[in-house]
Amino acid sequence: MIYPRALITSWLAFALMAACSGSMNVVPSISPSKEPSPTTRATQAVVATSDPLHASTPTFAPGDAAVWAEFRSRQATLEARHVECPGGYRLELPTLVDEMSSAAWTIFTCSPEPQDSSTRWTPGAVDYGLRFTEIIRTDGSTNWKIMHSQFAWSNRPDAMLSTYRWSQDGQYLYAKPAVYPSGDGYLPRDLFTDGSALYQVDLKSGHLAAVLPYTGRLYGYSLSPNDGLLAYSVPDEHRVVHIMDVASGLEMSVHVGEEYDIVGAFAWTEDSTNIFFAAGLQGWEDYESGTSIFRLNVKTKHLQTFRVNDPRMFVPYPTWDGRAIRVWASPNLLFVRSLVEGSKEYYEEWAMNIETGAMYQLSTPEPPYATPTPNAQ
């Protein structure tokens, strides 16, 4: 089954083939100073005097034993993780707290609530600068509080700091803004973007830095499996891919060609040496052209092109196998998805051989939903 990219937010890796070269230059990294550094400080655990999550017990129909059991289990998990908001605050998306947290750390966001809920969207009725995110060590030994007063994206109801990824060495949390609801409908351009900012929290010091500062536009980005490199695209640079060394801030840029309109949908190989991404040619959103898939070796700086101007518009895309998110069907097969809504390929699961560039159909819905895309090979 195919899931929207926005629901699979975090841990990716991807791959492809053919020949083309791109130029790379070492340039200064994007300066985090474009957005003021948010305030972080060590703090004692917040004790709730009135918590909407625990203040009342919901009622369930007699046959809803499973729903009741799930609710009680979630409450127990939140209590075990020391998740509490003070009086006058509410917990943002409590159902996602366990999913966003790790075995060692818990992250959650508390937002101020007006006495009259109908004024939540009234300008000035609520000071959302008082919103905060807490990151608590499971054993209770460390508690970091991040104030949202300097986050421009947080000045609204229904917003939180969400987990992008916990580093493998346990030293950092990579987090990004989340606002909801995010809107209805299918927009192919969304599959090229991943967030409006990316932050790094040092779990030893509590220091928070903007790796990609908030600008009001959406970036495409992906952190390598070894946490060392960040591939990203900037909204106003439609034909450029940046590879940043996270530790030093140095980066190189790759230009894919003037004929392209957008780049993104990044996917790393497991050894963090190659990055795969897609690019849409001008006119792709109107189905006047297709997409190409590229492979960049970050060590040799060699750029290869696969599936040039494919009308099926395949892009690297992870899948859910019922147990975990997977980027690779096998060591040489990269999961991809068609952007052509309503086409036969759109409803199927596909993978690309990264050695030959050949596309393989992995599943077929029953009954078929549509006909194949014309002129596809």
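The values are calculated or read from the model by the stated rules, or taken from the named source; none is laboratory data. Bear in mind the structure is a predicted one, so any value in this text is a computation, not a measurement. Methodologically, a virtual Cβ is constructed for each residue, glycine included, from the backbone with ideal geometry; neighbour enumeration extends over all protein chains shown.
Report yes if some residue within the stretch 68-89 is modelled with pLDDT under 70, of a type outside the set (S, T, N, Q) and touching a Phe, Trp or Tyr at 6+ places or on another chain (Cβ under 9 Å); otherwise report no.
Yes, the stretch 68-89 has at least one match.
Take the stretch 334-377 and flag every residue that is of a type in the set (Val, Ile, Thr), within 19 Å of PHE294 (Cβ to Cβ) and either modelled with pLDDT under 75 or loosely packed, with under 13 Cβ neighbours inside 10 Å (or both).
THR356
So which of THR122, THR95 is free of Cβ contacts under 8 Å to residues at least 24 places away in the same chain, among the hydroxyl-bearing types (Ser, Thr, Tyr) and in contact with a Pro (Cβ under 9 Å, 6 or more places away or on another chain)?
Details: THR95 fails: in contact with a Pro (Cβ under 9 Å, 6 or more places away or on another chain).
Answer to the selection: THR122.
So how many residues does the stretch 125-164 have that are in contact with a helix residue (DSSP H, G or I) (Cβ under 9 Å, 6 or more places away or on another chain), without any contact (Cβ under 8 Å) to a residue 60 or more places away in the chain, among the β-branched types (Val, Ile, Thr) and under 17 Å from CYS110 (Cα atoms)?
Quick first cut of the stretch 125-164, residues in contact with a helix residue (DSSP H, G or I) (Cβ under 9 Å, 6 or more places away or on another chain) only: 125-126, 128-129, 131, 138, 147-151, 154-157, 159-163.
Among the residues that remain, those that are also without any contact (Cβ under 8 Å) to a residue 60 or more places away in the chain are: 125-126, 128-129, 131, 138, 154-157, 161.
Those left that are additionally among the β-branched types (Val, Ile, Thr): 126, 138.
Next cut, under 17 Å from CYS110 (Cα atoms) only: 126.
Number satisfying all stated conditions: 1.
Could you pull out the residue among TYR172, TYR164 that is closer than 17 Å to THR193 by Cα and out of contact with any Pro (no Cβ under 8 Å at 6 or more places or on another chain)? Step through it out loud before you land on a result.
Numbers: TYR172 fails: closer than 17 Å to THR193 by Cα.
Result of the check over TYR172, TYR164: TYR164.
Keeping to the stretch 72-120, report how many residues are not in a helix (DSSP H, G or I) and not aromatic (Phe, Trp, Tyr).
The first filter runs over the stretch 72-120 and keeps only residues not in a helix (DSSP H, G or I), leaving 81-93, 101-116, 120.
Checking the rest, the ones that are also not aromatic (Phe, Trp, Tyr) come to 81-88, 90-93, 101-104, 106-107, 109-116, 120.
Total meeting the criteria: 27.
With respect to the numbered conditions (1) at pLDDT below 95; (2) more than 17 Å from the chain's Cα centre (by Cα); (3) part of a loop (DSSP other than H, G, I, E, B), which one is the sole condition not fulfilled by PRO181?
Among (1) at pLDDT below 95; (2) more than 17 Å from the chain's Cα centre (by Cα); (3) part of a loop (DSSP other than H, G, I, E, B), PRO181 violates only (2).
Listed here are the residues, each with its yes/no results for (1) among the charged types (D, E, K, R); (2) in contact with a strand residue (DSSP E or B) (Cβ under 8 Å, 6 or more places away or on another chain); (3) under 24 Å from LEU230 (Cβ atoms).
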position	(1), (2), (3)
ALA152	no, no, yes
THR163	no, yes, yes
ALA178	no, yes, yes
ASP194	yes, yes, yes
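Going through the stretch 201-222 one residue at a time, which ones are in a strand (DSSP E or B) and under 18 Å from ALA178 (Cα atoms)? Steps first, answer last, please.
Of all residues in the stretch 201-222, those in a strand (DSSP E or B) come to 201-202, 208-212, 219-222.
Across the stretch 201-222, the qualifying residues are VAL201, LEU208, ALA209, ALA210, VAL211, LEU212, TYR219, GLY220, TYR221, SER222.
For the list (1) closer than 20 Å to ALA278 by Cβ; (2) under 13 Å from the mean Cα position of the chain (by Cα); (3) part of a strand (DSSP E or B), I need the number of the one condition that HIS242 fails.
Among (1) closer than 20 Å to ALA278 by Cβ; (2) under 13 Å from the mean Cα position of the chain (by Cα); (3) part of a strand (DSSP E or B), the lone unmet condition for HIS242 is (2).
Report yes if some residue within the stretch 269-278 is buried (at least 22 other Cβ atoms within 10 Å of the Cβ) and either touching a Cys at 6+ places or on another chain (Cβ under 6 Å) or among the hydroxyl-bearing types (Ser, Thr, Tyr) (or both); otherwise report no.
Taking every residue of the stretch 269-278 in turn, at least one turns out to be buried (at least 22 other Cβ atoms within 10 Å of the Cβ) and either touching a Cys at 6+ places or on another chain (Cβ under 6 Å) or among the hydroxyl-bearing types (Ser, Thr, Tyr) (or both).
How many of the residues in the stretch 244-293 are among the hydroxyl-bearing types (Ser, Thr, Tyr), in contact with a His (Cβ under 9 Å, 6 or more places away or on another chain) and in contact (Cβ under 8 Å) with a residue 40 or more places away in the chain? Give the steps one after another, and end with the answer.
So in the stretch 244-293, the residues among the hydroxyl-bearing types (Ser, Thr, Tyr) come out as 248, 253, 260, 269, 272-273, 287, 289, 291-292.
Cutting the leftovers down to in contact with a His (Cβ under 9 Å, 6 or more places away or on another chain) gives us 253, 260.
In the following step, the residues that additionally are in contact (Cβ under 8 Å) with a residue 40 or more places away in the chain were identified as 253.
Selection size over the stretch 244-293: 1.
Please go through the stretch 320-333 and pick out each residue that is surrounded by 19 or more Cβ atoms within 10 Å (Cβ to Cβ) and more than 16 Å from PHE277 (Cα to Cα).
ALA329
Report yes if HIS238 is closer than 30 Å to TYR346 by Cα and without any contact (Cβ under 8 Å) to a residue 40 or more places away in the chain, otherwise no.
Values: closer than 30 Å to TYR346 by Cα: yes; without any contact (Cβ under 8 Å) to a residue 40 or more places away in the chain: yes.
Answer is yes for this residue.
Quick one: how many residues across the stretch 283-304 are surrounded by 15 or more Cβ atoms within 10 Å (Cβ to Cβ), under 25 Å from the mean Cα position of the chain (by Cα) and among the polar types (S, T, N, Q)?
Within the stretch 283-304, residues that are surrounded by 15 or more Cβ atoms within 10 Å (Cβ to Cβ), under 25 Å from the mean Cα position of the chain (by Cα) and among the polar types (S, T, N, Q) number 2.
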